[in-house]
Amino acid sequence: LTQPVTPDLLVSPSSQDGDLGSECPEDRGNWTGRLDFLLSCIGYCVGLGNVWRFPYRAYTNGGGAFLVPYFIMLAICGIPIFFMELSLGQFSSLGPLAVWKISPLFKGVGMGTILIVSLVAIYYNMIIAYVLFYLFASLTSDLPWQHCGNWWNTELCLDHHVIKAGNTTFPANITNTVSPSEEYWSRYVLHIQGSSGIGDPGKIRWNLCLCLLLSWTIVYLCILKGVKSSGKVVYFTATFPYLILVMLLIRGVTLEGAWKGIRFYLTPQFDHLLSSKVWIEAALQIFYSLGVGFGGLLTFASYNTFHQNIYRDTFIVTLGNAITSILAGFAIFSVLGYMSQELGVPVNQVAKAGPGLAFVVYPQAMTMLPLSPFWSFLFFFMLLTLGLDSQFAFMETIVTAVTDEFPYYLRPKKASFSAVICIALFLMGLILTTEGGMYWLVLLDDYSAGFGLMVVVITTCLVVTRIYGMKRFCRDIHMMLGFKPGPYFRACWMVLSPATMMALLVYNIIKYQPSEYGNYQFPTWAEVLGILMGVLSCLMIPLGMVVAVLREEGTLWEVGVQQASRPAMDWGPSLEENRTGMYVASLAGSQSPKPLMVHMRKYGGITSYENTAIEVDREIEEEE
């Protein structure tokens, strides 16, 4: 018997003489347990921001009244974009770069995402290194930031025991004093007095450098086997913080003066709702808390099976994240209320956000409790587990994005490639371990994921709904989940979400403020460097467009732009059995899994594609 001959147009570029077996890339792999994906998403979304940003944002923007814009913005921006990202990842089983087969003209969006995630991963692991430093420092009977009198303390240092003895108020002549915990953080941990500013980093702090090395080692060991290993670690890192949070909450609300802090946190000030700033702050909190645009959600969803119910998972994760933020507020402010009573000062004088809360205020509050090292250890262990699973997601995003681009070369060597990425990012992060490292961390935090991230998310939303097409995207979801998204999702994707994020972007540009750390103002060159970080991720989009158009043959507009904006030949579900309807797998006699759509577009004249597509559309409409 003679072997059937495969026509040239049916042989994929990756197959040699129609033989797919020898050239097939190694399998990407999938989640191994039913809860792996859900817990990974929860671990990724519930991070340090839930503990140190949300409570402070809530109390400065109207207390309990802040929950109104918060949940409205969750419905308009959070849930729809979250669902869109999961859908794109699960439908294509591709990472943040390769997923742009949906419209190769916009592959630069994926490149911008990877740049942003890489910058964030560098400084985020430095925060985990600080947490590790404090975690080890808590393994003692007497916390080192409890009293003055250490070599790093100055004459301005005054601990709360002295204040308590002095009639519970600050005497007029010592209002400029600082707490032992503040001096421990700035003068011992950071040793910031050794640096005059961002241009003078000073010496490397070797204890911080070792902590950074340890945090990168932990991250590498957990992502060593991709989602197969990180999917198991999250069973602990995503659930254990809730246990500690509940313990801190119970301890907090039983303290004297706790209700003073909680009242301060939740008292609604409805007049704030008339301010545009409050609505913008709510949208920003949702935007960064859910981690949309960083590619982590898309990466995690790409390891799902094709029919996983991501619709249900979207609501579980987004609402769970919101409830966690609110709970964390109770845990934090109950302790701040107790602290303000102990110090005899108003709550707003002890309340801070960001590193100031985690490394100064809360550790100081711990020293006032019985068994203070135990509570301090628990608090920092909670921060460690909250931070680690977010870092897993950042690393998995980078590794998956690049290995999906070069599956034949990199997928078999994924562990070695992960090690190279971790070592490279560790070396780039060494500047953060210097005496002036905190200035660099603030610069990265302020600019790496600012307006660049918003541009990425807005572009993604517009490309999917306008260029790929809303009808087509909904049909893909129908094929995957068995139902089409309702009018709520379609309205948000088409109008509400992009419009809200445009408003966020404009507000951020108009209300731009230069970075600062305490009283230190950053020099102009540092500001320019920060702005360039944000602009560079945006520039990836036009750069990607130029590359995509140059790859196409023919005139610039007629063939170049139009051809590059259409889905690539092999866009669609990754497995043969899931390619139905317009993605129907192959023509009769073909040994190469190529969608008919491709041949229609590239070679023309295949009317069976048109017939198939019309029939599928008719069938779907009849079913509905």
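The values are calculated or read from the model by the stated rules, or taken from the named source; none is laboratory data. Predicted model only: the values in this text are computed from it and were never measured. Note: ideal-geometry Cβ built from the backbone for every residue, glycine included; neighbour counts use all protein chains shown. In case anyone asks, the SASA skips ligands and DNA or RNA and just uses the protein heavy atoms, side chains included. Shrake-Rupley method; radii C 1.70, N 1.55, O 1.52, S 1.80 Å.
Quick notes
- Largest-first principal axis extents of the Cα set of the chain (Å): 99, 49, 46
- LEU243 versus ILE510: modelled label distance in nm, points set 7 Å from Cα along the beta carbon direction: 4.9
- Once the C-beta distance of SER196 and ILE467 is scaled by a Förster radius of 51 Å, the resulting FRET efficiency is 0.50 to the nearest 0.05.
- Taking every alpha-carbon pair in the range 51-209 and binning the separations at 10 Å intervals from zero gives 8, 19, 24, 23, 17, 7, 2 percent.
- Rg/Rh ratio calculated on Cα atoms of the range 335-447 (Kirkwood radius): 1.14
- P(r) tail, the range 253-301: Cα-Cα pairs separated by more than 19 Å, 56% of all pairs.
- Whole-percent carbon and sulfur share, accessible surface of the chain, 1.4 Å: 64
- Within the chain: Cβ-based charge dipole about Cα centre, in debye rounded to nearest 20 (Lys, Arg +1; Asp, Glu -1): 660
- Ranked by the mean number of other Cβ atoms within 10 Å of their residues, highest first, the peptides 513-526, 538-551 come out as 538-551, 513-526.
- Options VAL399, THR500, GLY534, ranked by Cα towards positive dipole end of the chain, top entry (Cβ charges): THR500
- Here the Karplus curve 6.51 cos²θ - 1.76 cosθ + 1.60, taken at θ = phi - 60°, turns the phi angles of the range 314-331 into couplings of 4, 5, 4, 6, 5, 6, x, 5, 5, 5, 4, 4, 5, 4, 4, x, 5, 4 Hz, with x standing for Gly and Pro.
- Cα centroid separation - the range 457-517 against the range 75-138, whole Å: 16
- Counting only DSSP H runs of at least 4 residues, each contributing -39500 (n - 2.57), and dividing by the residue count of the chain, the helix-based mean residue ellipticity at 222 nm comes to -18500 deg cm²/dmol.
- 1.4 Å probe accessible area per residue over the range 428-500, in Å²: 31
- Across the chain, Cα pairs under 8 Å and at least six residues apart give a relative contact order of 30 percent.
- Per-residue accessible area (protein heavy atoms, 1.4 Å probe) orders LYS203, LYS260 as LYS203, LYS260, starting from the largest.
- Isotropically averaged projected area of the range 186-317, using the convex hull of Cα atoms (one quarter of hull area), nm²: 14.2
- Kirkwood-based Rg to Rh ratio, the range 201-247, C-alpha trace: 1.17
- Shape category assigned to the range 273-376 from the gyration tensor of Cα positions, a/c cut at 1.5: prolate
- Label-point gap, in nm, between MET502 and LEU139 - each point 7 angstrom along Cα→Cβ: 5.5
- For the range 241-324, convex hull volume per residue from C-alpha positions, Å³: 138
- Each peptide in 353-361, 298-306 was scored by the mean count of other Cβ atoms within 10 Å over its residues; highest first, the order is 298-306, 353-361.
- The residue among MET479, THR433, GLY452 whose Cα reaches farthest toward the positive pole of the charge dipole of the range 407-490, with charges on the beta-carbon of Lys, Arg, Asp and Glu, is MET479.
- Summed residue charge, Cβ within 14 Å of SER275's Cβ, Lys/Arg positive, Asp/Glu negative: +1
- Between THR580 and ARG34, the modelled labels are 2.3 nm apart [label points 7 Å from Cα along Cα→Cβ].
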